[in-house]
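These notes concern the structure reproduced below.
The values are calculated or read from the model by the stated rules, or taken from the named source; none is laboratory data. Here the structure is a predicted model, which is why all the values come from computation and not from measurement. When we count neighbours, we look across all protein chains shown, and the Cβ atoms used for this are built from the backbone with ideal geometry, even at glycine.
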Amino acid sequence: YREVVAAANELGRRDDVAAVILYGGHEIFSAGDDMPELRTLSAQEADTAARIRQQAVDAVAAIPKPTVAAITGYALGAGLT
């Protein structure tokens, strides 16, 4: 999620970028919270992960350029936001 925040911030700043297309891949755009490692987190770690995930969603929403999601396959969890 931190990489998403960094990429969104960079794309928003760049003058050579007129629009943004988000593409997750050929079969899955977003798997949501269906990641085995999330099941092993403590409550504090889960809260931190949720905060970081929300920062990523907020950063993409704040890109000051036309932004389109090219969705193929599943779009679950935060991928629907």
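Taking (1) over 18 Å from Gly12 (Cβ atoms); (2) within 16 Å of the chain's Cα centre (by Cα); (3) surrounded by 13 or more Cβ atoms within 10 Å (Cβ to Cβ) in turn, Val57 satisfies each apart from (1).
Out of the residues in the range 5-26 that are of a type in the set (A, V, I, L, M) and more than 22 Å from Gln54 (Cβ to Cβ), state the one that is surrounded by the most Cβ atoms within 10 Å (Cβ to Cβ).
Within the range 5-26, the subset of a type in the set (A, V, I, L, M) is 5-8, 11, 17-22.
Checking the rest, the ones that are also more than 22 Å from Gln54 (Cβ to Cβ) come to 17-19, 21.
Numbers: Val17: 12, Ala18: 8, Ala19: 10, Ile21: 9.
Residue satisfying both the conditions and the ranking: Val17.
Note on the range 1-36: among residues that are within 19 Å of Ile71 (Cβ to Cβ) and β-branched (Val, Ile, Thr), the one that is modelled with the lowest pLDDT is Ile28.
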